[in-house]
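Undergrad: This structure is in structure tokens; I'll ask about it shortly.
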Amino acid sequence: MSLGKNLTTVSGFTGLSRILGFVRDILIATSLGTGPVADAFFVAFRLPNLFRRLFAEGAFNAAFVPLYAGKIEAEGPEAAQTFAEQVHAVMFTFMLVLTLAAMAAMPWVTYWLAPGFEDWAINTVTGEGFRVRAEGSDVLLAVPENFIPLLDYAEVLNNIAFPYLFFMVIVALFSGMLNSFGRFAEAAAAPVLLNVFFIVSLLLIIPRVEDSGEALAWTVTSAGFGQLLLVYLALRKAGLHMKLRLPRLNSDVKTLMRRMVPGLFSAGAMQINVVIGTMISSYQESGVSFLYFADRVYQLPLGLIGIAFGVVLLPELSRKLKANDHDGAMRSMNQGMEMALLLTLPATIALVVIPWPIIVTLFEHGEFTRESTNATALALMAYAAGLPAYVLVKILQPAFYAREDTVTPFHLAIVSIVVNIVLSLALFQVMQHVGIALATAISSWVNVLMLWIVLIRRGHLKLNARFVSRLPKILAASLVMGGGLWAGMRWLNPWFEGVHYEKIVALSALIGGGFLLYALLTVLFGIIRPADISRMFSRKKKI
């Protein structure tokens, strides 16, 4: 099956997950707004969600898939199955111990995640927040009755949601096995279930309970178990029956661990940056929520494009390099970058030009106010500046992982994380949460530049004539489309001040018009030809 076909499969399910995720976040915005309950829940969801992305979309997948695929090619399916069972035994035991230890140490974990919560108290029934420490001083104020420290409330939610982390590591292992056999659909469908659980909970449970934060935290853990069950059944359907073994750190498992540990930082640099942003933004009232909702919007194109490319490219490059097909691997890299930028650059321009209409339409109703809209739109604009970088990282890193090198991306990621910390602390002083989003974008571009230079110097990346000739055309088409979006936004602006259905119609017209304009420009500029589309999705021709 071609790279294009596999990409379509993964992107399709990822797209469905992101769309349902938007429905989920619209419902959360309506129910919680950007108040202290929302801040506490987003902090509780941040850590297990970080590990989900590190393992399912990053470090574990990057280290496990090349080894597992290599076992299949060199020693056969039985040896690969034994290796997977050994890894399962070790990871199951390690994650169980880690989860229990983290839950026991949750007061310290919560403070580490959101130190700014120490200044606030919350009424969990009304959702009202109260500052218990005068801003800019150490003076403690009297806490009203029925209020509890926001840090304590976040700790409760963290304890409830944290087991999701345990489930996600096992899901990552099973998904990596399925992907190695070319069964991308089952693994890509698992995240859809998380959003289904959320939507059901928000529609049927949250309106009937007093503490919506606790109910959402229980939803996270329940969804984790559901995702594990889904991929386990898919594994059995594929004929891959897992046997329970006692954990043993044999040579193969040690090799996996050595490659995975640096990969935790290299593949997850962006997610680590998001956690750093959460820590710093906890000192700003509603700062965590503003960044969360902005993050959710730009995650849609990132999920559809970047994550899908990372999942599909890694086994593709691993197989070609194992077969000593270096030219084929180079073609896959060039095609991946071209396809990614063809989709990412217009998305970037759109999010920079029309962030306010997007946020006002998606989230401004219920508890989500105009003030929240304006603050979130500014954060979205800053995040969007780094969207091509976020996607290119997902494409460039597999070129290292497929060569079983996780150390180099690790070193480069450390540099980008340090850059992000320094910029976040500096820019937060003058731009608050917007500065954190901008620091994330800048540090991602630093990471891309370093990856690019190293790959070229090692001879692992050489831009072909097609990519070099089409990139300026893609950028030009994206900029012209951006001009069209800006003009359309000004013309449709009264509609975005109207009732909700008018906002939906206006945003749909704006996005639809921008899409059609960009599609027309790609044909006029010679970026896309019918033959390219036919070849991309052909089952007969390998890329």
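The values are calculated or read from the model by the stated rules, or taken from the named source; none is laboratory data. Keep in mind that this is a model prediction, so the values were computed, not measured. Cβ sites come from the backbone with ideal geometry, for glycine too, and all protein chains shown count toward neighbours. Side chains included, ligands, DNA and RNA excluded: accessible areas come from the protein's heavy atoms. Shrake-Rupley method; radii C 1.70, N 1.55, O 1.52, S 1.80 Å.
Undergrad: Taking K and R as +1 and D and E as -1, what net charge do the other residues with C-beta under 15 Å from the C-beta of Leu249 add up to?
TA: Spelling it out: positives minus negatives among the neighbours equals +3.
Undergrad: While we're on this one: With all protein chains present, calculate the accessible area of Phe225 using a 1.4 Å probe and round the result to the nearest 10 Å².
TA: 120 Å²
Undergrad: The stretch 367-387 to the stretch 406-469: how many Å between their Cα centroids?
TA: 22 Å
Undergrad: For Trp452 and Ala465, compute 0.36 nm times the residue count separating them, minus their Cα-Cα distance, and round to one decimal in nm.
TA: 3.0 nm
Undergrad: Then there's this: Keeping all protein chains in position, work out how much accessible area Asp152 exposes to a 1.4 Å probe, and write it in Å² to the nearest 10.
TA: 80 Å²
Undergrad: Membrane-span-like helices in the chain: DSSP H runs reaching 30 Å or more (Cα, own axis), mean Kyte hydropathy at least 0.5?
TA: 3-32, 77-104, 212-237, 326-353, 407-431, 433-457, 465-492, 500-524
Undergrad: Could you compute Rg(Cα) / (2.2 N^0.38 Å) for the chain, with N its residue count?
TA: Working it through for the chain, the quotient is 0.96.
Undergrad: Could you put Val261, Val65 in order of accessible surface area, largest first, with the 1.4 Å probe and the full protein assembly present?
TA: Sorted by accessible area, descending: Val261, Val65.
Undergrad: So what is log10(I(q)/I(0)) for the stretch 416-537 at q = 0.14, 0.16, 0.20, 0.22 1/Å, when the Debye sum runs over its Cα atoms only?
TA: Reported log10 I(q)/I(0), two decimals: -0.99, -1.06, -1.04, -1.06.
Undergrad: Run the 1.4 Å probe and let me know the accessible area of Trp445, rounded to the nearest 10 Å².
TA: Accessible area of Trp445: about 100 Å².
Undergrad: Continuing with this model, one more query. Where only protein heavy atoms count, and the probe is 1.4 Å, what is the accessible area per residue for the chain in Å²?
TA: Heavy-atom SASA per residue in the chain reads 41 Å².
Undergrad: Can you pull out the GluC sites (Glu not before Pro) in the stretch 141-215 whose DSSP state is coil and whose Cβ has at most 12 other Cβ atoms within 10 Å?
TA: Filter output for the stretch 141-215: Glu145, Glu210.
Undergrad: Would you mind calculating the relative contact order of the chain from Cα pairs under 8 angstrom and at least 6 residues apart, reporting the percent as a whole number?
TA: 22 percent
Undergrad: What are the extents of the Cα atoms of the stretch 364-484 along their three principal axes, in Å, largest first?
TA: That gives 52, 36, 26 Å along the principal axes, largest extent first.
Undergrad: Cα atoms only, the stretch 66-195: Rg and Dmax in Å?
TA: 22.1, 69
Undergrad: Put Trp112, Trp356 in order of accessible area, largest first, 1.4 Å probe: what do you get?
TA: Greatest to least solvent exposure: Trp112, Trp356.
Undergrad: Still on this model: One quarter of the convex hull surface, Cα atoms only: what value does that give for the stretch 127-232 in nm²?
TA: In nm², the orientation-averaged hull projection of the stretch 127-232 is 9.2.
Undergrad: I'd like the carbon and sulfur percentage of the solvent accessible area for the chain, probe radius 1.4 Å, heavy atoms only, ligands and nucleic acids excluded.
TA: Carbon with sulfur: 67 percent of the solvent-accessible area.
Undergrad: Shifting gears a bit: Could you compute how fast the stretch 44-130 diffuses translationally, taking Rh as the Kirkwood radius over C-alpha pairs and applying Stokes-Einstein at 10 °C with viscosity 1.306 mPa s? Give it in µm² per second.
TA: Translational diffusion coefficient: 98 µm²/s.
Undergrad: A further question follows. Lys pairs in the chain, Cα-Cα under 22 Å, at least 8 apart or on separate chains: how many?
TA: Step by step, the pairs that qualify in the chain add up to 28.
Undergrad: When only the heavy atoms of the protein chains count and the probe is 1.4 Å, how do Met381, Met339 rank by accessible area, highest first?
TA: Descending order: Met381, Met339.
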